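Heads up: the structure comes next, in structure tokens.
The values are calculated or read from the model by the stated rules, or taken from the named source; none is laboratory data. Just so you know, these numbers come straight off a predicted model, no measurement behind them. Cβ atoms come from the backbone with ideal geometry, glycine included; neighbour counts cover every protein chain shown. When the accessible area is computed, the model is the full protein with side chains, heavy atoms only, and any ligands, DNA or RNA have been set aside. Shrake-Rupley method; radii C 1.70, N 1.55, O 1.52, S 1.80 Å.
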Amino acid sequence: MYSIAVGGIILEFEKKSRYEMDDLLHIMEILRGPDGCPWDREQTHESIRGNLIEETYEAVEAIDRKDTALLREELGDVLLQVVFHSRMEEEQGSFQFGDVVHDICQKLIIRHPHIFGDVQVSGTGEVLENWEAIKNAVKGTKTQTERLRAVPSVYPALMRSQKVAGRAAKAGMDYPDTAGAWKDLESELGELKEAVAEGNREHAEEELGDLLFAAVNVARHEGIDSEYALTRSCEKFIDRFEEAEKLSAERGIDMKTADAETLDALWKQAKKNVYSR
């Protein structure tokens, strides 16, 4: 058992072979205390805002890698962020971690009336419809525009685009079929080419955004997660680049000075090598 002075109060802390949720809350209380860790005491919601985002993405990466041990660690890091932010609010007398737990429990009960109530559902589709309807009622969103604006602007652009387009579709603003989405994508590509030819950077940027949004709509109609698809493409590009770099070294080619034909040949061979693995 260790005794730690925090703001004139002696807090007892015991090292254990296994810790529980209360121990994590207690540790954060100590770290944020007047005699706690200088760095932890200095943090604000804003200063560690990026940490919450980073830790969440690292947990997602563990899921994608199917790395159970890493996922266990990264979920702990995400939980730490929740505890950290909750502790800051507790110090201000606003709310505490227990309130966060209460609220999410209450939300789950309210949004699952087919489990905790007498509502009958026929399947997953109806469950999702009920969830959305209850969510809108609780949040007080009345217009479809309000529901679109409720999609957080801090989401990655592709993710936000797909959610906004999806909500617009539920409100009736959608292509009659996938062919319509493809036609719009082709049209936006033409408009981007024209804007680039004009030499108007601002217009080109606008048209590029329209093209990407149109691509997201195609993905949505094809049942593809555009954010995940682009993530996979980035990884594929890195793998192929690594192979091209390896090939260039073996052949004594400097990629920085090589001509377009040489680079194209390297890239095609790299694609072939990586694909065959």
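Return a yes/no flag: does the range 75-94 have any residue that is of a type in the set (D, E, K, R), under 18 Å from the mean Cα position of the chain (by Cα) and closer than 30 Å to Leu230 by Cα. Please lay out each step first, then the result.
Step one: list which residues in the range 75-94 are of a type in the set (D, E, K, R), which gives 77, 87, 89-91.
Still in the running and under 18 Å from the mean Cα position of the chain (by Cα): 77.
Still in the running and closer than 30 Å to Leu230 by Cα: 77.
Within the range 75-94, one or more residues are of a type in the set (D, E, K, R), under 18 Å from the mean Cα position of the chain (by Cα) and closer than 30 Å to Leu230 by Cα.
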Identify the single condition in (1) within 29 Å of Val60 (Cβ to Cβ); (2) of a type in the set (Asp, Glu); (3) open to solvent by less than 80 Å² (accessible area, probe 1.4 Å) that Glu207 does not satisfy, given that it satisfies every other one.
(1)
Thr231 fails exactly one of the following numbered conditions: (1) at pLDDT 95 or above; (2) assigned to a helix (DSSP H, G or I); (3) open to solvent by less than 80 Å² (accessible area, probe 1.4 Å). What is the number of that condition?
(1)
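Results for (1) under 28 Å from Asn136 (Cβ atoms); (2) open to solvent by 80 Å² or more (accessible area, probe 1.4 Å); (3) not in a helix (DSSP H, G or I), shown as yes or no for each residue.
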{"residue": "Lys66", "(1), (2), (3)": "no, yes, yes"}
{"residue": "Leu71", "(1), (2), (3)": "no, no, no"}
{"residue": "Leu75", "(1), (2), (3)": "no, yes, no"}
{"residue": "Val82", "(1), (2), (3)": "yes, no, no"}
{"residue": "Ser86", "(1), (2), (3)": "yes, no, no"}
{"residue": "Glu90", "(1), (2), (3)": "no, no, no"}
{"residue": "Val100", "(1), (2), (3)": "yes, no, no"}
{"residue": "Cys105", "(1), (2), (3)": "yes, no, no"}
{"residue": "Ile109", "(1), (2), (3)": "yes, yes, no"}
I'm trying to understand the selection: among the residues of the range 213-258, which are closer than 27 Å to Ala179 by Cβ and among the basic types (Lys, Arg)?
Arg220, Arg232
Being under 23 Å from Trp131 (Cβ atoms) and open to solvent by 40 Å² or more (accessible area, probe 1.4 Å) is the filter here, so list the residues in the range 163-184 that pass it.
Lys163, Arg167, Lys170, Ala171, Gly172, Met173, Asp174
